[in-house]
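**Student:** I have a structure I would like to understand better, so I am pasting it below and will then ask my questions one at a time.
Values quoted throughout were computed directly from the atomic coordinates according to the rules given, and no laboratory measurement underlies them. Computed from a prediction, not measured in an experiment: that's the story for all the values here. In this analysis, Cβ positions are derived from the backbone assuming ideal geometry, glycine residues included, and neighbour counts consider all displayed protein chains.
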Amino acid sequence: MIKWFRDKLHERNLQVLGLFTVIGAFIMTFCSYTSPAFYFDTSPDNNAFFTVGKAMMHGIVPYKDIFEQKGPYVYLLHGLAYLVSSRSFLLIFIVEIITLVAAMFLVYRLAILLGTPALPALLTGILVPSLLLYHPYYDYGDTVEFFTLPLLISLVYFMVKLDRNQLNGSRGGYAAQGAIVGVVLLSKYTLLGAWIVFYLLLMGRLVVTKRWRELGKLVAWSAIGFLATTLPWLVYFLATGSLGAFINVYVLFNTHVYLTSSVAFFANLVQSTTLVSQFYLSNVIFFGLGIIGTLVVMFQPAIFHDPFMRGTYLLTNLGADLFALYGYQANAVYQYYQLIYFAFFILPFVYLCQWAFKRVPLPTGDAPFPILATLVFSLLLVLGVNNNVTNSKVFPNNSAITEAETTRPQQPAQVVFGRLMRTETPANTKLTLLNYGSIDMGFYTASGAVPNTYYFQNYNIPQSAAPQILASQQAVIKDQDVEWVVLNTPAGRNVKQWSGVAGRISSGDLNPGTAKMSKMLLKRYRPVAQHSQIFEGVNETYWLFKRR
């Protein structure tokens with residue numbers, strides 16, 4: 001046993017993984033808001049996922065008993081995070097490290113597959129975090145797009161292997177991709193574009209060439225993987241009587257309400273193409289890797305030997321890009337949606353590093369100095385493209401924490417209000433809370449409250465598109481169904497003065513307005529605390545109300 005363990009420690013892949021893990025943990029500590037180095041993860045989306053996951057762990061069924069429109073895998077992950085640490089994102093932080101390490105290792109293995117020597121391949125893997133953590137596409141962290149990156153890179157790796165093996169895939173490879181399709185489908189289905197194109201093209205090629213045995217292997221093993229990750233959820237929804245609610249929210253609401261466009265298929269496709277083009281033309285790095293780099297991949301036979309696989313790579317790239325923004329208008333695209341594009345920067349990035357390292361006199365084996373120098377350079381690049389660290393505990397009392405002028409250590413509103421609610425709620429009484437008018441601001445997480453209302457938050461859609469959401473929240477306040485209510489206004493305005501902007505959530509996650517409902521609110525609830533801090537560039541005040 002000791003000999004086996006000693007031998008394992010000397011395996012190249014394990015050593016590389018160990019190095020990448022140390023690097024990944026250090027980088028994510030200062031880039032992800034889920035890290036313990038940050039006072040609190042203030043991301044509305046992350047906290048919404050955590051709140052629904054927590055509700056799941058208390059027997060509340062998503063879509064049926066609580067409203068949120070992401071896929072069930074997102075809530076399961078955050079439910080497990082709640083079980084690990086009930087008021088922090090510790091498990092999500094660990095998963096983010098695993099995600100970055102997996103991406104680094106896949107890049108390393110892809111470089112090896114393309115004939116890069118071991119040391120340059122290792123250095124390529126060390127450099128790639130500066131690409132994958134590019135702000136604001138990687139913003140707070142904990143997005144489905146970020147977790148999908150290594151999954152999509154694995155598809156690129158699988159395509160290169162298929163090219164090297166004359167389109168003969170392994171059973172395990174097909175099963176893995178099928179399982180990934182199931183996970184992505186039930187996390188955020190707009191990220192499925194690359195797999196849809198890949199499977200259609202590969203099956204079509206196998207049919208045309210009459211390779212029935214390979215086609216059977218592809219379909220059977222992909223189906224096994226797909227069913228392994230989807231059937232348990234079908235059983236769950238049937239057992240809880242929530243299948244209809246799942247379809248109504250995850251499919252119908254997302255496609256008919258949450259997407260901003262209602263034009264025809266072709267017009268949506270043109271609109272999506274325009275948005276993708278604007279992305280590639282917005283930055284010289286994106287243009288270089290996305291346009292020039294993809295052309296190099298297309299015309300460089302050393303990468304893909306088979307012209308069919310070159311075309312497949314190009315079309316899967318386009319499929320991922322277009323489908324991710326299909327149905328969105330320019331003013332409704334959040335930049336983190338486009339992080340998924342970075343997976344197709346990887347192959348040009350690997351080829352560029354391969355080309356560059358050939359022109360540098362590197363040792364034939366591992367050498368400490370090139371590894372250390374590349375590591376330092378990579379860390380500098382990461383800090384150059386991602387400045388999240390400025391909102392961490394490294395910078396006490398930064399504007400994301402407080403606008404108060406004081407040298408005393410401060411905490412963000414979420415932590416302050418959460419502590420107050422837990423203190424003033426009797427130990428044998430359930431803490432009840434409503435986040436009014438905005439996406440989850442983190443007070444459910446900080447207080448430990450489990451939602452007892454269907455619409456526990458508001459959403460990034462016009463009030464006119466789903467008026468039942470705010471109407472339901474106002475009914476909760478009118479009936480005093482919760483002990484605590486939290487909301488926000490621009491700094492310098494109280495609840496009577498904030499009329500909102502255009503009937504929807506505005507910059508800084510500001511709610512659509514409180515002026516019209518302030519009389520009802522103040523009659524039933526009294527303000528007990530307020531705290532001002534900057535969120536996404538907006539100076540705003542958070543208000544905490546307690547039932548009278």
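**Student:** Find how much the distance from Leu14 to Ala515 grows on full extension, using 0.36 nm per residue of separation minus their present alpha carbon separation; answer in nm with one decimal. Could you put the intermediate results ahead of the total?
**Tutor:** On the way: separation 501, 0.36 × 501 = 180.36 nm, distance 5.97 nm.
Full-extension gain reported as 174.4 nm.
**Student:** Stick to Cα atoms and the Kirkwood definition of Rh, then tell me Rg/Rh for the stretch 1-105. Show your work: numbers first, answer last.
**Tutor:** Working: Rg = 17.2 Å, Rh = 15.5 Å.
Using only Cα positions, Rg/Rh for the stretch 1-105 is 1.11.
**Student:** Additional query: If each Cα of the stretch 419-497 is one equal point scatterer, what is log10 of I(q)/I(0) from the Debye formula at q = 0.18 Å⁻¹?
**Tutor:** The calculated log intensity ratios at q = 0.18 Å⁻¹ are -0.79.
**Student:** On to the next question. For the stretch 479-538, just the Cα atoms, rotate onto the principal axes and tell me the three extents in Å, largest first.
**Tutor:** 33, 24, 19
**Student:** Counting C-alpha atoms alone, how compact is the stretch 333-404: give Rg to one decimal and Dmax as a whole number, in angstrom.
**Tutor:** Cα only, the stretch 333-404: 18.2, 57 Å (Rg, Dmax).
**Student:** Here's another thing I want to ask about it. Would you mind listing how long the stretch 100-208 runs along its three principal axes, going by Cα atoms, in whole Å with the largest first?
**Tutor:** The Cα atoms of the stretch 100-208 stretch 43, 37, 19 Å along the principal axes, largest first.
**Student:** Considering all projection directions equally, how large on average is the shadow of the alpha-carbon convex hull of the stretch 354-460, in square nanometres? Walk me through the intermediate numbers first.
**Tutor:** Values: hull surface 54.0 nm².
If you wrap the Cα atoms of the stretch 354-460 in a convex hull and average its projections, you get 13.5 nm².
**Student:** Using amide H atoms built 1.01 Å from N in the peptide plane, name the residues 5+ places from Ile439, or on other chains, whose amide H lies under 5 Å from its own.
**Tutor:** Residues meeting the criterion, in which the H sits 1.01 Å from N, are Asn458.
**Student:** Helix 44-57 sits at what angle to the longest principal axis of the chain, using alpha carbons and giving 0 to 90 degrees rounded to 10?
**Tutor:** Around 80 degrees separate the two axes.
**Student:** Once the cut-off is 32 Å, how many percent of the Cα-Cα pairs in the chain end up in the long-distance tail? Please report the intermediate quantities before stating the final value.
**Tutor:** Values: 72589 of 149878 pairs.
Result: 48 percent of Cα pairs exceed 32 Å.
**Student:** Taking Cα atoms, how many degrees apart are the long axis of helix 118-127 and the longest axis of the chain, rounded to 10 and kept between 0 and 90?
**Tutor:** Tilt of helix 118-127: around 20 degrees.
**Student:** Any idea how far the Cα center of the stretch 281-341 sits from the one of the stretch 37-91, in Å?
**Tutor:** 32
**Student:** Shifting gears a bit: What does the extension gain come out to for Arg171 and Ala267, with contour length at 0.36 nm per residue minus their alpha carbon separation? Mind showing how you got there, number by number?
**Tutor:** Values: separation 96, 0.36 × 96 = 34.56 nm, distance 3.93 nm.
Net length gain for the segment: 30.6 nm.
**Student:** Helix 90-113 versus the longest principal axis of the chain: what angle, 0 to 90°, nearest 10, using Cα atoms?
**Tutor:** The two axes meet at around 20 degrees.
**Student:** Set the Förster radius R0 to 45 Å, insert the Cβ-Cβ distance between Lys496 and Lys430 as r into 1/(1 + (r/R0)^6), and round the FRET efficiency to 0.05. Don't skip to the answer; put the middle values down first.
**Tutor:** Details: r = 30 Å, r/R0 = 0.68.
So, using R0 = 45 Å, E works out to roughly 0.90.
**Student:** Here's a follow-up. So what is the relative contact order of the stretch 1-121, in percent, for Cα pairs below 8 Å that sit 6 or more residues apart? Intermediate values should be presented prior to the final figure.
**Tutor:** Numbers: 101 pairs, mean separation 30.7, N = 121.
That works out to 25 percent.
**Student:** Quick check: Cα centre of the stretch 429-496 to Cα centre of the stretch 364-404, how many Å?
**Tutor:** 36
**Student:** If you build the Cα gyration tensor of the stretch 423-548 and take the root of 5 times each eigenvalue, what three semi-axes come out, in whole angstrom, biggest first? Don't skip to the end; give the middle numbers.
**Tutor:** Values: eigenvalues 90, 54, 41 Å².
Here the semi-axes work out to 21, 16, 14 Å.
**Student:** Calculate the spin-label point distance for Ile291 paired with Val376, positioning each point 7 Å from the Cα along the beta-carbon direction, and give it in nanometres.
**Tutor:** Once both label points are built, they end up 3.6 nm from each other.
**Student:** Over 16 Å apart: what share of the alpha carbon pairs of the stretch 275-360 falls there, rounded to a whole percent? Write out the running numbers ahead of the final one.
**Tutor:** Numbers: 2018 of 3655 pairs.
Distances greater than 16 Å cover 55 percent of the Cα pairs.
**Student:** If you don't mind, another one. Which percentage, to the nearest 5, of the DSSP beta bridges contained in the chain is antiparallel? Don't skip to the answer; put the middle values down first.
**Tutor:** Working: 19 of 23 bridges.
The answer is about 85 percent antiparallel.
**Student:** In whole Å, what are the Cα extents of the stretch 148-258 along the three principal axes, biggest one first?
**Tutor:** The principal-axis extents, from largest down, are 45, 27, 26 Å.
**Student:** Across the stretch 229-329, what fraction of all alpha-carbon pairs, as a whole percent, falls in each successive 10 Å bin from zero upward?
**Tutor:** Going out from 0 Å in 10 Å bins, the stretch 229-329 shows 13, 28, 26, 22, 11, 1 percent.
**Student:** Now for a separate question. Which FRET efficiency, nearest 0.05, do Ser464 and Thr29 yield, Cβ-Cβ r, R0 41 Å? Could the numbers behind the result be given before it?
**Tutor:** Details: r = 43 Å, r/R0 = 1.05.
Rounded to the nearest 0.05, the efficiency is 0.45.
**Student:** Rounded to the nearest 0.05, what FRET efficiency do Asp306 and Leu362 have when you use their Cβ-Cβ distance and R0 = 30 Å? All intermediate terms of the calculation are to be shown ahead of the outcome.
**Tutor:** On the way: r = 31 Å, r/R0 = 1.03.
Given R0 = 30 Å and the Cβ-Cβ separation, E is 0.45.
**Student:** Tell me, what is the Rg over Rh of the stretch 112-156, with Rh the Kirkwood radius over Cα pairs? If you can, show how the numbers build up before the last one.
**Tutor:** On the way: Rg = 12.7 Å, Rh = 12.1 Å.
Computed over Cα atoms, the ratio is 1.05.
**Student:** Same structure again: Can you compute the equivalent ellipsoid semi-axes for the stretch 32-176, i.e. the square root of 5 times each eigenvalue of the Cα gyration tensor, sorted largest first and rounded to whole Å? Walk me through the numbers on the way to the answer.
**Tutor:** On the way: eigenvalues 222, 77, 25 Å².
For the stretch 32-176, the semi-axes come out at 33, 20, 11 Å.
**Student:** Mind giving me the nanometre distance, one decimal, between the label points for Ala332 and Ile224, set 7 Å out from Cα along Cα→Cβ?
**Tutor:** For Ala332 paired with Ile224, the spin-label model returns 4.2 nm.
**Student:** Taking 8 Å as the Cα distance limit and 6 or more residues as the minimum spacing, I'd like the relative contact order of the chain as a percentage. Write out the running numbers ahead of the final one.
**Tutor:** Working: 848 pairs, mean separation 95.6, N = 548.
So the answer I get is 17 percent.
**Student:** Shifting gears a bit: Quickly estimate the mean residue ellipticity at 222 nm for the chain, helices only: each DSSP H run with n ≥ 4 gives -39500 (n - 2.57), and the total goes over all residues, rounded to 500. Walk me through the intermediate numbers first.
**Tutor:** Working: 22 runs with 289 residues, N = 548.
Value at 222 nm, helices only, nearest 500: -17000 deg cm²/dmol.
**Student:** Ok, one more. Under the rule that an exposed site lies in a DSSP loop and has at most 11 other Cβ atoms within 10 Å, name the longest stretch of the chain with no GluC sites (Glu not before Pro) of that kind, not counting the sites themselves. Mind showing how you got there, number by number?
**Tutor:** Numbers: sites that count: Glu11, Glu405.
Excluding the exposed sites themselves, the longest stretch runs over 12-404.
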